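First the structure, in the form of structure tokens, and then the observations on it.
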Ligand SMILES: Cc1ncc(COP(=O)(O)O)c(C=O)c1O
Ligand SMILES: [Zn+2]
């Protein structure tokens, strides 16, 4: 059996998304900035995509959408823009969380070097931040709050509407990295009180290297790329029309199937969680309910994640882990450390992110395979020996 | 391109000399759970010859494969020779390791040295 269970890393493009791209490579290949027909046809398509994309996240104003090269670029631009607006007002304090994606965390590092002060909110063991703690952290000089909509590793969904409300009331710009949320759970920039939002096509069956940044009217963006006048001077470079058309089609499809898909997916996820919970000395990472429909993330004590992944790969299962040895750094996932998993346990993590066409049979196969591999690896783990012989105490 | 060579995957999938030696003459454990790899080596020694060796490893593919390879390289060898084993030799015998995985193979060399040290210390104490 071949099971791709790493949809949080990237997804397979849908047929709809592939089909939507082809006309803009084959026939309507003009440059949207050109005045002749084939250019203007591309321009029209592009503006139509902008209008549809805006509508899909609850914005009635197409000019709030800037197309980018993906989630990372959107995150970088959002943070830089929010900071720049703050600097103009002499507000140099930014609030975010400890478990953001590196596109956000590394942008914050850069802003720190540029003189900003950054507060990273704690993430509790359930993988959620507390709005009251955010409220308490906001200062008169706070210019920007950035909290991810849903976490890419443990799938927890933050109380975004409440967070947005707090920021709105305090007059602080609120950005959310919604790369894992858009196309999977309902997102509405108006109702959720969002000022800026990042999204990426390849997380919802669209193409890689395409994404968008939403910025509410009145939130002035700073350009990262200088050049032509594309994207209302906020992002130079000839637009990736095939990618944008494809992304828009993918998002439309994901949103139209969302309520049905998330029902079946949630049921499969919960069965998977139930099955893996039977493995002794294991723990589910993140809140069991406030999480993305397809996300399962476990720690298994006494084993290391990379060897788990390699053996699952041998059984046809593609998954991911937050172990140090899979990342190439010496530290395990900052997300798992942020929710209080100590190193010993964080190394033995496994993330399974199901796709919408996962089946109950696949889920049973995964449960069986993971249970076998964990038991096998524990069989020659000196850590497991120390735990079972009582030399060390179990953490999980 | 796979992450690891065929040789690494072979030793990872079918590790040689896995397990424990109940009355081992020397035991060495190196690494810690913080860094992500832990290796434990058990040696049976007769007349300064390593007659048997077993290992247990908590770690990545590189760590498990290098433990396995290292045990094969020292089994039946005199202690003096085993003491000379380097992680480069282990990595080479595995047809190379990715650059960021070399540190995992260092543990194999260290585990063997630590087990031999343990043996020597015990002998002295006798
Ligand atoms: C939460 C989150 N933010 C940002 C990104 C980066 O998106 P992209 O790969 O499109 O640059 C990802 C995906 O890797 C993500 O999961
Ligand atoms: Zn390693």
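Coordinate-derived values only; no laboratory data. Every value quoted in this text rests on a predicted model; they were computed, and no experiment measured them. Here Cβ is always computed from backbone atoms with ideal geometry, including for glycine, and neighbour counts include all displayed protein chains.
Name all residues of the range A:1-41 having a backbone nitrogen under 18 Å from the label point set 7 Å from the Cα of residue A:361 along its Cα→Cβ direction, giving them as ranges.
A:1-5
What ratio of Cα Rg to 2.2 N^0.38 Å holds for the protein assembly as shown?
1.12
Where the centroid of each part is defined by its Cα atoms, how far is the range A:160-176 from the range A:11-31 in Å?
About 36 Å separates the Cα centre of the range A:160-176 from the one of the range A:11-31.
When a/c reaches 1.5 or more, the comparison of a/b and b/c decides; with that in mind, is the range A:155-299 rounded, prolate or oblate per its Cα gyration tensor?
prolate
Averaged over peptide B:55-68, how many Cβ atoms belonging to another chain are found within 10 Å of each residue's Cβ?
Neighbouring Cβ atoms belonging to other protein chains average 6 per residue here.
So how far apart, in nm, are the two label points at residue A:318 and residue A:25 if each is 7 Å from Cα heading toward Cβ?
Between residue A:318 and residue A:25, the simple spin-label model gives 1.9 nm.
Please give the length that would be gained between residue A:48 and residue A:220 if that part of the chain were fully extended, namely 0.36 nm times their separation in residues minus their C-alpha to C-alpha distance (nm, one decimal).
Using 0.36 nm per residue and subtracting the Cα-Cα distance, I get 59.7 nm.
With an 8 Å Cα cut-off and a minimum separation of 6 or more residues, compute the relative contact order for chain A in percent.
That works out to 21 percent.
In degrees, nearest 10, range 0 to 90: what is the angle between the Cα axis of helix A:305-314 and the longest Cα principal axis of chain A?
It works out to around 90 degrees.
Decide, for the range A:1-155, between rounded, prolate and oblate: order the square roots of the alpha carbon gyration tensor eigenvalues as a ≥ b ≥ c, take rounded if a/c falls under 1.5, and otherwise choose prolate if a/b is larger than b/c, else oblate.
Because a/c hits 1.5 or more and a/b fails to exceed b/c, the range A:1-155 counts as oblate.
Using just the helices of chain A, give the 222 nm mean residue ellipticity in deg cm²/dmol: DSSP H runs with n ≥ 4 each add -39,500 (n - 2.57), and the total is spread over all residues, rounded to 500.
Theoretical 222 nm ellipticity from helices: -13000 deg cm²/dmol.
By how many degrees, between 0 and 90 and to the nearest 10, does the Cα long axis of helix A:360-378 differ from the longest principal axis of chain A?
Rounded to the nearest ten degrees, it is 50.
Express in whole angstrom the spacing between the alpha-carbon centres of the range B:1-31 and the range A:196-235.
For the range B:1-31 versus the range A:196-235, the Cα centre distance is 49 Å.
Going by alpha carbons, how many degrees (0 to 90, nearest 10) lie between the helix axis of A:160-170 and the longest principal axis of chain A?
50
What is the range A:15-254 by shape, rounded, prolate or oblate, if you read a ≥ b ≥ c off the alpha carbon gyration tensor as root eigenvalues and call it rounded for a/c under 1.5, prolate for a/b larger than b/c, and oblate otherwise?
prolate
Under the definition of partner shielding as Cβ atoms of other protein chains within 10 Å of a residue Cβ, what is the mean value for peptide A:301-310?
Neighbouring Cβ atoms belonging to other protein chains average 5 per residue here.
Please compute the modelled spin-label separation between residue B:2 and residue A:117, points set 7 Å along Cα→Cβ, answer in nm with one decimal.
Between residue A:117 and residue B:2, the simple spin-label model gives 5.4 nm.
Equivalent ellipsoid semi-axes for chain B, as square roots of 5 times the alpha carbon gyration tensor eigenvalues: give them largest first, rounded to whole Å.
Square roots of five times the eigenvalues give 25, 14, 12 Å.
Give the relative contact order (percent, whole number) for the range A:287-396; include only Cα pairs under 8 Å separated by 6+ residues.
Dividing the mean separation by the residue count of the range A:287-396 yields 35 percent.
Rounded to the nearest 500, what is the 222 nm mean residue ellipticity of chain B from helices alone, with -39500 (n - 2.57) per DSSP H run of 4+ residues and division by all residues?
Taken over chain B, the calculation gives -14000 deg cm²/dmol.
When a footprinting reagent is the concern and you count Cβ atoms within 10 Å, what order do A:349, B:5, A:254 take, fewest first?
Ascending number of Cβ neighbours within 10 Å: B:5, A:254, A:349.
Once label points are set 7 Å from the Cα along Cα→Cβ at both residue A:136 and residue A:277, what is their separation, rounded to one decimal in nm?
Using points 7 Å along Cα→Cβ, the separation is 3.1 nm.
Taking the number of other C-beta atoms within 10 Å as the exposure measure, put A:202, A:102, A:184, A:175 in order starting with the fewest.
A:102, A:202, A:184, A:175
Can you tell me, using C-alpha contacts under 8 Å and at least 6 residues apart, the relative contact order of the range B:6-125 as a whole percent?
31
Taking the Cα centre of each part, how many Å lie between the range B:63-111 and the range A:334-381?
Distance between centres, Cα-based: 29 Å.
For residue A:88 and residue A:165, calculate 0.36 nm times their separation in residues minus their Cα-Cα distance, and state this gained length in nm to one decimal.
Going from the current span to full extension adds 25.4 nm.
Taking beta carbons within 10 Å but only from partner chains, what does the mean come to for residues A:194-202?
Per residue, the number of nearby Cβ atoms from other chains is 0 on average.
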